[in-house]
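Presented below is the structure to which this report refers.
Just so it is clear, none of the values below were taken in a lab; they were calculated from the coordinates. In this text, all values refer to a predicted model and were calculated from it rather than measured experimentally. Please note: Cβ atoms are built from the backbone with ideal geometry, for glycine as well, and neighbour counts cover all protein chains shown.
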Amino acid sequence: MRLNGLAPGQTGVVVDVDGPLRRTLLEMGFVPGTRVRVVKAAPLGDPAELALRGYRLCVRRRVLERIRIVRAAERVG
Amino acid sequence: MTAALVGNPNCGKSTLFNRLTHAHRRVGNYPGVTVRAARGQAAGGMELIDLPGVYTLRPHSADGQVVLDCLREHPPDRLIAVVDATNPQRGLYLTLQLLELGIPTVLALNLIDAARKNGAEPDAAALEAALGIPVIPISAARGEGMERLLACAARQERARPRGIRTDEQAILARYARVERLCAAAVPHGIDRARMRSDRIDRVLTHRIFAWPALAALLAGVFWLTFGGVGALLSRWMQAGLQALAQGVGALLTRLGVHAVVQSLVLDGILGGIGSVFSFLPVILTLFFLLALLEDSGYLARAAFILDAPMRRLGLSGRAAVALLLGFGCSVPAVLASRTAGTERERRRTVFLIPFMSCSAKIPIYAAFAAAFFPGHMLALATVLYAGGIVLGTALMRASYRRTGADDGTFFLELPNYRLPQLKNALRATAARAKEFIQRAFTVILLATVLVWFLRTFDLRLQPAADAGRSLLAALGGALSVLFRPLGFSDWRLATALVCGFLAKESVISTLGVLAPSGLGALFCSQAAVMSFLCFTLLYTPCVAAVAAIRRELGAGTAAKVVAAQCAAAYLAAWAVYHAALLFIG
């Protein structure tokens with residue numbers, strides 16, 4: 001599935017990134033194997049606040065469609 | 001010896017720079033590139049350069065390219081990589097890139113006190129062993145580790161030049177290495193600041209409460225700027241300028257200087273510069289308050305909230321700050337638009353900025369309200385401000401053709417909330433003031449003297465007998481024909497509008513000189529008054545703003561902005577005039 005399919009609070013693990021922004025997204029930390037959690041959406045729905053690698057990043061929905069993930073269970077603790 | 005500070009935004013780099021440099025801080029352009037870098041001297045004579053915060057040195061990324069060019073064209077003797085100890089992953093990624101540059105580097109692990117409190121203090125020795133460079137835990141806020149940092153930086157000499165790799169393998173390899181480093185040397189703790197920020201964000205980015213919170217904060221900023229502190233400082237500035245003018249006038253009279261030269265100095269130079277400086281306090285107060293909001297971390301949330309509506313106008317959420325600044329003065333607003341997204345988004349932001357009625361127009365509204373709408377100043381101001389915003393927004397909306405390419409560069413980090421550092425905000429404000437004053441003394445001085453010349457001399461290049469015979473009046477008379485369809489054709493109004501290109505307050509000061517009996521004599525109907533106000537609200541930005549646009553986006557864009565504003569002003573004033581005639585007469 002794609003990252004835009006996650007609801008707030010859900011976590012996924014990056015499988016791969018495609019599209020013209022691939023290099024940019026990789027450099028931002030969306031490297032295969034990275035855990036990404038959707039924290040919330042902005043009040044009007046876009047962009048989304050993501051938690052990855054210890055920081056929070058806001059990304060527009062269109063871009064989330066480019067990131068392939070698998071659902072992951074929430075980490076305990 | 002020079003040392004450059006490089007690190008992510010929000011890692012406390014500015015605080016570190018402030019802490020290390022006490023004497024001669026200079027803000028200026030980094031040689032060769034138009035980026036704002038601060039330079040200062042640290043204890044022991046090392047010159048420190050504070051480069052803009054950046055996440056990666058990738059070429060073709062706006063910020064990264066700039067810093068990369070700086071470091072390659074004028075390599076400093078040392079690099080101090082500043083990393084946030086509470087959140088080291090991205091900082092370490094950048095550090096790995098910096099190591100590829102081949103400049104002797106030390107790693108400053110900042111916010112070490114916060115990391116300790118989180119129970120997640122990184123093992124500096126382990127990092128040092130793994131990276132091969134000195135790793136110094138510091139707390140810039142507390143002043144911990146400062147001497148050791150400087151000493152290590154001075155001593156460090158070895159570096160392995162390798163060349164920055166930009167291919168995909170390199171990116172993956174770096175992140176893999178970062179993960180290994182963190183697994184070995186960074187314990188898991190509780191990020192208290194993040195938990196606190198999340199609690200605050202439950203309100204400030206709440207689906208419903210975000211909006212009243214935003215409105216309240218902005219209202220507070222504007223009230224303090226225009227009503228409270230800013231207004232007070234403005235009054236002081238006015239008083240000071242008047243005293244200066246009186247003093248200089250007395251001096252010139254005592255020296256027996258020729259009347260024309262006296263006029264040049266007093267009316268021309270001092271008068272013109274003074275009118276610009278008089279609203280410097282308002283701009284700076286606004287800028288200072290916004291700098292505090294930026295430092296606290298809130299402006300990132302504002303951009304997050306506003307990105308969606310801004311997108312419908314073809315702008316980025318970050319444009320919101322630039323537009324806010326536009327209510328103070330277009331000049332810092334245009335400069336702030338530098339970070340407002342793609343080039344297309346930046347250009348569109350700059351086109352929208354003039355619709356945000358700048359503070360220099362307030363004296364105009366005040367005078368007109370007093371003359372024609374007594375007691376209704378607030379209503380008048382509201383109508384004009386709202387009108388500008390609505391019209392500008394509508395034009396942006398209408399001119400926006402959606403393309404898919406816009407989404408790619410909007411990556412906004414939400415840093416932890418923190419108490420804004422006064423020193424950082426003051427430093428940024430001082431930099432802005434310096435820039436503004438420099439511009440005032442060059443462009444505005446020239447334009448002021450030019451207008452003075454047109455006002456003082458007549459068509460035969462002799463001192464004009466009265467204002468009505470000057471070159472400026474002739475110009476105004478010629479232009480006043482254009483304004484007939486808008487309902488106001490008095491040459492003095494056209495002249496005032498020309499002076500308004502110089503600085504918006506000049507409109508009122510010029511009318512004060514040309515029509516001492518009052519504004520009423522200049523208009524034949526209320527409809528004409530409204531049409532004139534509408535025109536004044538919307539027409540070309542002042543010369544300082546146009547100069548700023550030219551520097552940021554080129555002369556072509558600057559010319560287009562001027563043309564667009566004048567066209568919008570003309571059409572809107574025409575519509576207002578005829579509508580007002582119908583309803584009011």
- Query: Under a point-charge model restricted to the Cβ atoms of Lys and Arg (+1) and Asp and Glu (-1), what is the dipole moment magnitude of the range B:189-263 relative to its Cα centre, in debye to the nearest 20?
  - Reply: 220 debye
- What shape does the range B:457-585 take by its C-alpha gyration tensor, where a ≥ b ≥ c are the square roots of the eigenvalues and a/c under 1.5 counts as rounded, a/b above b/c as prolate, and the rest as oblate? oblate
- Message: Taking 20 °C and 1.002 mPa s as the conditions, I'd like the Stokes-Einstein D for the protein assembly as shown in µm²/s, using the Kirkwood hydrodynamic radius from alpha carbon pairs.
- Response: 79 µm²/s
- Anchor B:Lys117: aspartates and glutamates whose Cα lies under 19 Å away (excluding residues fewer than 8 positions away in-chain): B:Asp84, B:Glu144, B:Asp191, B:Asp198
- Query: By per-residue mean of other Cβ atoms within 10 Å, what is the highest-first order of B:429-437, B:5-13?
  - Reply: B:5-13, B:429-437
- Message: For chain B, take the longest principal axis of its alpha carbons; what is the angle in degrees between that and the long axis of helix B:377-398, to the nearest 10 within 0 to 90?
- Response: 60 degrees
- Query: If the limit is 24 Å between Cα atoms, which of A:Lys40/B:Lys13; B:Lys361/B:Lys560; A:Lys40/B:Lys423 go over it?
  - Reply: A:Lys40/B:Lys13; A:Lys40/B:Lys423
- q = 0.07, 0.08, 0.11, 0.12 Å⁻¹: log10 I(q)/I(0) that the Debye formula gives for chain B, counting C-alpha atoms only: -0.50, -0.64, -1.06, -1.20
- Beta bridge orientation in chain B: antiparallel %, DSSP, nearest 5: 40 percent
- Could you give the dipole magnitude of the range B:156-311 about its Cα centre, charging the beta-carbon of Lys and Arg +1 and that of Asp and Glu -1, in debye to the nearest 20? 600 debye
- Query: For the protein assembly as shown, what does -39500 (n - 2.57) per DSSP helix run (n ≥ 4), summed and divided by total residues, give at 222 nm, in deg cm²/dmol to the nearest 500?
  - Reply: -16500 deg cm²/dmol
- Message: Output the 0 to 90 degree angle, nearest 10, between the alpha-carbon long axis of helix B:422-439 and the longest principal axis computed from the alpha carbons of chain B.
- Response: 40 degrees
- Highest-MSF residue in chain A out of A:Arg56, A:Arg66, A:Arg37 [GNM, Cα springs under 10 Å]: A:Arg56
- Might you report the magnitude of the Cβ-based charge dipole of the protein assembly as shown about its Cα centre, with Lys and Arg at +1 and Asp and Glu at -1, to the nearest 20 debye? 860 debye
- Let me know the Kirkwood hydrodynamic radius for the range B:189-332, please, with Cα pairs as the basis and the value in Å to one decimal. 18.3 Å
- Alpha carbon centroid spacing (whole Å) that separates the range B:220-274 from the range B:531-585: 28 Å
- Averaged over the residues of B:302-310, the number of partner chain Cβ atoms within 10 Å of each residue's own Cβ comes to 4
- Query: Can you give the angle from 0 to 90° between the axis of helix B:168-185 and the longest principal axis of chain B, with both taken from C-alpha atoms, to the nearest 10?
  - Reply: 60 degrees
